[in-house]
There are 2 protein chains.
Amino acid sequence: MTADSTRRDVLIAAATTLSALSMTTAAAAQLSTRPPVPPSGPKKTLGMILFDGFELLDVFGPLEMFGMLKDRVEIVMIAPKAGPVKSGAGPAAIADFEFADAPRLDIVMIPGGIGTRREVNNADFLAAITAIAQATPQVATICTGSGLLAKTGLIDGIKATSNKMAWKWATAQGAKVLWVPHARWVEDGKYISSSGISAGTDMALGLIAKLYGKDMAQWVAHRAEYRWNDNAGDDPFAAMNGLTG
Amino acid sequence: MTADSTRRDVLIAAATTLSALSMTTAAAAQLSTRPPVPPSGPKKTLGMILFDGFELLDVFGPLEMFGMLKDRVEIVMIAPKAGPVKSGAGPAAIADFEFADAPRLDIVMIPGGIGTRREVNNADFLAAITAIAQATPQVATICTGSGLLAKTGLIDGIKATSNKMAWKWATAQGAKVLWVPHARWVEDGKYISSSGISAGTDMALGLIAKLYGKDMAQWVAHRAEYRWNDNAGDDPFAAMNGLTG
């Protein structure tokens, strides 16, 4: 065993112990208030955009978290055509609406996935997400979904992040976007964007905290037995992929 | 600020710093070997069971991780009837096969969700999952999916875990199961079971580590920008819900 690997093991053990201690203490506070009462107001409609080759967790991580707020949020799935839409991994989800028939949304989410490489050259697709994003007060992207949104020009001059392994491709879609390499997620005005795949789940909880309070986000994470990475600036994957800034 | 909350903040800060340090060190080792070459052998078929009211992340967390191994694993979706199956949160997935037409599987996964409360009283459903589990060399459950499997009697005398908020309901489905309250996931022979919702993703990476090596699991987690909770015994949610053992 090298000195480095010993140091690493010690650090991991220490972090695990401290993390368990802090979570237990945090949990006690959190459980006393569950479920928190969300602020009153009309039910929100969250639209998730689908396209062939979407990334499964980009879509269903955020929807798991928002799906816990069924009395406050209705989820609709929107794609170029209603009906089955195949993910990059194979399994298909159902689009409830085609773009033209989509209801008015309060939140729209644009996922990433291998299909972004095709859609970024699809003028009809880009026009449809432009119209939806312009009409929607809260626009979120997950992973390389920010590449799609960048290509529309809507986030020129806006801060955004993206998948760290696909950083070069994503950032090439919008030279005027203010790309932030080191971030789990980034918010700028009505736009919020996450880093790769799993980061969308953390961003979704961040958005729940913004809309319904941090107690609600913690309660949702607890129900999902999810260890929320709740610090938007804590992103080890940037350095792991040689990105700085 | 109370002494308790100060102590908690200090612990959280320490854990975050140590965690970041250890991840960066671990990452450096991990990136040098990516992507690892999986052991040769025939492609495996992974079948995910669907039913009305399945939990989204129970299904799509594990499938995100196994979906990264497309050249090694084919994913099929199986339900009482082929076609759309609605999740508890609303969005629907497509079942490729009905039970009777399902192909031979190498791995079967049974998710949880609100629909388990109905299916646990559905003799046809229980007979179908019994037949599939008996014929499949690796059987995994996520969340309250272990309640369904417990009800079949197949895991009598076998160690298993389940969702920590639904613990009472799940464990009541099988009095002879050796329930383990404090675990992120539990393996016993050909059976592997996870705690609630998000824990299925960690278990899936544990299964990938078992089948293809820990390097592969770490590479998959890295691609998904996922902080894998890779210690099956580290479960803060048990204590948070007043469970011990």
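Looking across the range B:64-73 at every residue that is buried (at least 18 other Cβ atoms within 10 Å of the Cβ) and not in a helix (DSSP H, G or I), the one that is nearest to the other protein chains (Cβ to nearest Cβ) is identified as B:Met68. Considering (1) modelled with pLDDT of 95 or more; (2) in a loop (DSSP other than H, G, I, E, B); (3) out of contact with any strand residue (DSSP E or B) (no Cβ under 7 Å at 6 or more places or on another chain); (4) not aliphatic (A, V, I, L, M), say which one A:Gly61 fails and leave the rest. Evaluating A:Gly61 over (1) modelled with pLDDT of 95 or more; (2) in a loop (DSSP other than H, G, I, E, B); (3) out of contact with any strand residue (DSSP E or B) (no Cβ under 7 Å at 6 or more places or on another chain); (4) not aliphatic (A, V, I, L, M) leaves (2) as the failure.
Of all residues in the range B:101-137, which are under 24 Å from A:Met68 (Cβ atoms), in contact with a helix residue (DSSP H, G or I) (Cβ under 9 Å, 6 or more places away or on another chain) and open to solvent by less than 30 Å² (accessible area, probe 1.4 Å)?
Initial filter on the range B:101-137 (under 24 Å from A:Met68 (Cβ atoms)): B:109-120.
Now narrow it down to the ones that are in contact with a helix residue (DSSP H, G or I) (Cβ under 9 Å, 6 or more places away or on another chain): B:109-113, B:116-120.
Selection gives B:Met109, B:Ile110, B:Pro111, B:Gly112, B:Gly113, B:Thr116, B:Glu119, B:Val120.
If we keep just the residues of the range B:222-245 that are among the charged types (D, E, K, R) and facing chain A (nearest Cβ under 7 Å), which is least open to solvent (accessible area, probe 1.4 Å)? Looking at the filtered set, the residue picked out is B:Glu225.
Quick one: in the range A:198-221, which of the residues that are open to solvent by 10 Å² or more (accessible area, probe 1.4 Å) and in contact (Cβ under 8 Å) with a residue 40 or more places away in the chain is nearest to B:Trp219 (Cα to Cα)?
First, the residues of the range A:198-221 that are open to solvent by 10 Å² or more (accessible area, probe 1.4 Å): A:206, A:209-215, A:218-219.
Next cut, in contact (Cβ under 8 Å) with a residue 40 or more places away in the chain only: A:211-213, A:215, A:218-219.
On the way: A:Leu211: 34, A:Tyr212: 35, A:Gly213: 35, A:Asp215: 33, A:Gln218: 29, A:Trp219: 30 Å.
Once the filter is applied, the top-ranked residue is A:Gln218.
Identification of helices (runs of 4 or more DSSP H) wholly contained in the range B:188-245 with 1 or more residues that are at pLDDT 95 or above and of a type in the set (Lys, Arg) yields B:199-212, B:214-223. Can you tell me which residues in the range B:138-166 are open to solvent by 30 Å² or more (accessible area, probe 1.4 Å) and either in a strand (DSSP E or B) or closer than 18 Å to B:Phe237 by Cβ (or both)? The answer is B:Lys159, B:Met165. Failed condition for B:Gly115, given (1) modelled with pLDDT of 95 or more; (2) more than 12 Å from chain A (Cβ to nearest Cβ); (3) over 27 Å from A:Thr45 (Cβ atoms), with all others met? The one condition B:Gly115 does not meet is (3). Filter the range A:167-197 down to the residues that are more than 19 Å from A:Ala239 (Cβ to Cβ) and among the basic types (Lys, Arg), then identify the one that is surrounded by the most Cβ atoms within 10 Å (Cβ to Cβ). It comes out as A:Lys190.
The values are calculated or read from the model by the stated rules, or taken from the named source; none is laboratory data. Since this is a predicted model, take the numbers as computed values, not measurements. Every residue, glycine among them, receives a Cβ derived from its backbone with ideal geometry; neighbour counts consider all protein chains shown. The area values use the complete protein model at the heavy-atom level, side chains included, leaving out ligands, DNA and RNA. Shrake-Rupley method; radii C 1.70, N 1.55, O 1.52, S 1.80 Å.
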